[in-house]
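Encoded as structure tokens, the structure appears first; notes follow it.
What follows draws every value from the coordinates through simple rules; no lab data is involved. This structure is a prediction, so every number in the text was calculated from the model and none was measured. So basically every Cβ, Gly included, is an ideal-geometry build from the backbone, and we count neighbours across all protein chains shown.
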Amino acid sequence: NGNRPLHIRRLLNLRFNNPRTLGDPEDGLDDIDILEPDPKHHKAAIRHPRLAPFWKESATEEMDGLWRRGCFKKWKTSELTPEQRKHVFGSRFHHKIKRHTKTGIIKSLKIRLVVMGN
């Protein structure tokens, strides 16, 4: 669009490029818009036609790291007392597309597990 400022037009012409694995021409990600929004929820990330494998890999890395650091312990709900069940918190994934600050080129896809406090 010729009505956009020059710096926005240049950003729109940049291509998806991640030095880790996202920049390979064979992965089909070279035409992803750099203004791609962060997914609002995990289901939206997993449904993305081209980014889903990268989101899944990032989620696996996050969960493996948390288990390695001993952040979790497996419990059967039936073993918990009603009082203990009141202190069980839900969780969800927070998705973030990391970009270079100057160019806006996408560097990586990050997922963090967050505890819901409601």
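To make sure I understand the rule: partners must be lysines, Cα under 25 Å from the Cα of residue 76, and not fewer than 8 residues away in the same chain. Which ones qualify?
In chain and number order, the partners are 86.
Apply the Karplus curve 6.51 cos²θ - 1.76 cosθ + 1.60, θ = phi - 60°, to the phi angles in the range 39-55 and return the couplings in whole Hz, x for Gly and Pro.
x, 7, 8, 4, 4, 5, 5, 6, 7, 4, x, 10, 8, 3, x, 6, 5
Among 109, 94, 66, pick out the residue whose Cα is farthest towards the positive end of the charge dipole of the range 50-118, where Lys and Arg carry +1 and Asp and Glu carry -1 on C-beta, about the Cα centre.
With unit charges placed on the Cβ atoms, the residue in question is 109.
Among the trypsin sites (Lys or Arg not before Pro) within the range 63-97, which fall in a DSSP loop and have no more than 12 other Cβ atoms within 10 Å of their own Cβ? Intermediate values should be presented prior to the final figure.
Values: sites: 68, 69, 73, 74, 76, 85, 86, 92, 96; in loops: 69, 73, 74, 76, 86.
For trypsin sites (Lys or Arg not before Pro) across the range 63-97 that sit outside H, G, I, E and B with at most 12 neighbouring Cβ atoms in 10 Å, the list reads 69, 73, 74, 76, 86.
Of the listed pairs 43/102; 56/98; 43/96, which have alpha-carbon separations greater than 20 Å here? Show your work: numbers first, answer last.
Values: 43/102 30 Å; 56/98 16 Å; 43/96 14 Å.
Beyond 20 Å between Cα atoms: 43/102.
Can you give me the convex hull volume of the Cα atoms of the range 61-118, divided per residue and expressed in Å³? Kindly include the intermediate steps, with their values, before the conclusion.
Working: hull volume 5.9 nm³, N = 58.
Output value, Cα hull per residue: 103 Å³.
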